[in-house]
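So the structure is just underneath, and the comments pick up after that.
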Amino acid sequence: MNRSVILRIACICLASVDPPPAALSAQTLSMGGVIVAIGDSQRTTIARLSERFTLDPLDSNNYTVRDRSPNHAPIGSVSFWHGLVSIASREWYSGRNDEKAFGMALMGALQSLGLQQQPVLVMASYEAPQDPAGVARIAKFTAGQRTVSVYYNEQSDGGYGVQVSEMISRRRP
């Protein structure tokens, strides 16, 4: 998959997907039905997420959010600054050899950029840093404070890995 293919797929998805009627604001993110908003209190956010997920603290301000299923797959993360949510991310897809799941995740993530029932200005960027295990490609789509990233990594065994994630963040002074 090269740069032009990734960007074409994303542009087609953006052009063909209508935003949901009750789209989230630019400062909110849904993690498995739990709404996390920039500026929410740390105590309240941890309590709401803990009702449905396992939280692994990396330190007192940064947490990995994991599913409670037997494999405890990571589904996102949340970071706090001065007791308030400053960054939240959701992993839409991570895997390989499942083009349908990847396509659905990509369309869902890109649809989250549609914040209103009108065209949304989206900035796209592309990177191809050299990864010791192979070639990595990163396409990012940003609308306001929301970013959708597509990571593609060709691995030395001939396989590949793909990840689609969404992030909201506030700018720190």
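The values are calculated or read from the model by the stated rules, or taken from the named source; none is laboratory data. Computed from a prediction, not measured in an experiment: that's the story for all the values here. Heads up, the Cβs are rebuilt from the backbone with ideal geometry, glycines too, and the neighbour counts pull from every protein chain shown. SASA here: full protein model, heavy atoms, side chains in, ligands and nucleic acids out. Shrake-Rupley method; radii C 1.70, N 1.55, O 1.52, S 1.80 Å.
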| task | Calculate what fraction, in whole %, of the accessible area of the range 34-173 sits on carbon and sulfur atoms when a 1.4 Å probe is rolled over the protein chains. | result | 53
| message | Could you compute how much accessible surface THR54 exposes when probed at 1.4 Å, giving the result in Å² to the nearest 10? | response | 40
| field | Around ARG68: net Lys/Arg minus Asp/Glu count, Cβ-Cβ under 13 Å | value | -1
| field | Neighbourhood net charge (10 Å Cβ-Cβ; Lys/Arg +1, Asp/Glu -1) for VAL164 | value | -1
| request: Might you work out the accessible area of ILE38 for me, using a 1.4 Å probe with all protein chains in place, and round it to the nearest 10 Å²? | output: 20
| said: Suppose all protein chains stay in the model; what accessible area per residue would a 1.4 Å probe give for the range 46-173, in Å²? | reply: 56
| How much accessible surface area, in Å² rounded to 10, belongs to the heavy atoms of SER60 with a 1.4 Å probe? | 80
